[in-house]
Amino acid sequence: MRRRGYNEKNYVYKSPTVAVNLGTLLKKCCDLACIQLLQEPDTEARRKEIKILKTLIESQWANEVSAQASLNLSSKKWNKEELLPLTSDIKKLKDYLERIAQDNFEELKKNKKDELAHNSLKEILYCQIILMNRRRPAEVAQIKVETYKSINLDVKETEFDGCLTETEKILLNSCSRMVIRGKRGRGCSYSKYKIYKCY
């Protein structure tokens with residue numbers, strides 16, 4: 001019998017994401033069915049059948065379905081066309097953020113209780129970090145103020161200075177690195193501009 005959404009000749013799933021997630025959903029359905037049957041009399045045989053089904057899903061789904069679906073999903077990403085922003089557009093955004101940030105910083109120097117300027121400056125700083133690092137917004141939102149302030153932007157001369165190219169020296173003098181918690185507790189590296197230090 002031909003499975004819907006699966007090409008048996010080319011081993012390609014029409015929707016590989018559904019195939020990957022379906023195994024987990026089926027196991028949850030089995031658990032719910034068992035819980036429901038526990039509340040009814042004389043259902044031991046049916047519960048046994050469901051447990052056998054769940055065991056088969058746990059032992060065979062990854063090999064029979066998920067592995068091929070994951071491969072299909074990866075291959076689709078390999079040749080996927082991506083629209084990249086123009087360098088001129090990125091520069092316009094960067095210059096705009098710096099200008100607005102400086103204006104809000106000046107407002108805060110005049111009135112430290114200006115909530116509008118404070119919130120605007122906070123959002124601009126998030127945008128600048130995301131723009132530079134191209135990371136997930138959720139990770140940037142989790143950066144603690146203490147972590148951000150603890151980054152030392154004053155670079156001292158080291159024994160490696162002679163090994164660096166001119167470009168690397170410029171980057172070293174303009175950026176610093178910090179690591180925060182990312183997905184599944186893994187560390188994520190971020191760069192921090194020296195220009196951020198003023199605000």
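Values in this text are rule-based calculations from the coordinates and carry no lab data. Here the structure is a predicted model, which means the values were calculated and not measured. Using ideal geometry, Cβ is built from the backbone for each residue, glycine included, and neighbour counts are taken over all protein chains shown.
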Exercise. Quick one: putting +1 on the C-beta of Lys and Arg, -1 on the C-beta of Asp and Glu, what dipole do you get for region 6-78 around its Cα centre, in Debye to the nearest 20?
Worked result: 360
Exercise. Any idea which of Y11, I35, A62 is furthest toward the positive side of the dipole for region 6-78, if Lys and Arg beta-carbons carry +1 and Asp and Glu beta-carbons -1?
Worked result: Y11
Problem set entry | Within region 1-75, chymotrypsin sites (Phe, Trp or Tyr not before Pro) in DSSP loop having at most 14 other beta-carbon neighbours inside 10 Å | Y11
For this session: For region 75-139, run through the trypsin sites (Lys or Arg not before Pro) and keep only the ones in DSSP coil with at most 13 other Cβ atoms within 10 Å of their Cβ.
Result: K80, K112, K113, R134
Exercise. Once both labels are modelled 7 Å past Cα along the beta-carbon direction, what's the E168-S74 spacing in nm?
Worked result: 3.2
Exercise. Taking the Cβ-Cβ separation of T55 and V18 as r and a Förster radius of 22 Å, what is the calculated FRET efficiency to the nearest 0.05?
Worked result: 0.45
Problem set entry | Cα principal axis extents for region 16-121, largest first, Å | 77, 42, 14
Exercise. For V12, which sequence-distant residues (separation of 5 or more, or a different chain) have an amide H within less than 5 Å of its own amide H, given hydrogens modelled in the peptide plane?
Worked result: N7
Problem set entry | For a label point 7 Å along the Cα-to-beta-carbon line of D114, residues of region 87-101 with backbone N under 13 Å | 100-101
Exercise. So which of K91/K112; K14/K51; K92/K144; K122/K144 end up more than 19 Å apart by C-alpha?
Worked result: K91/K112; K14/K51; K92/K144
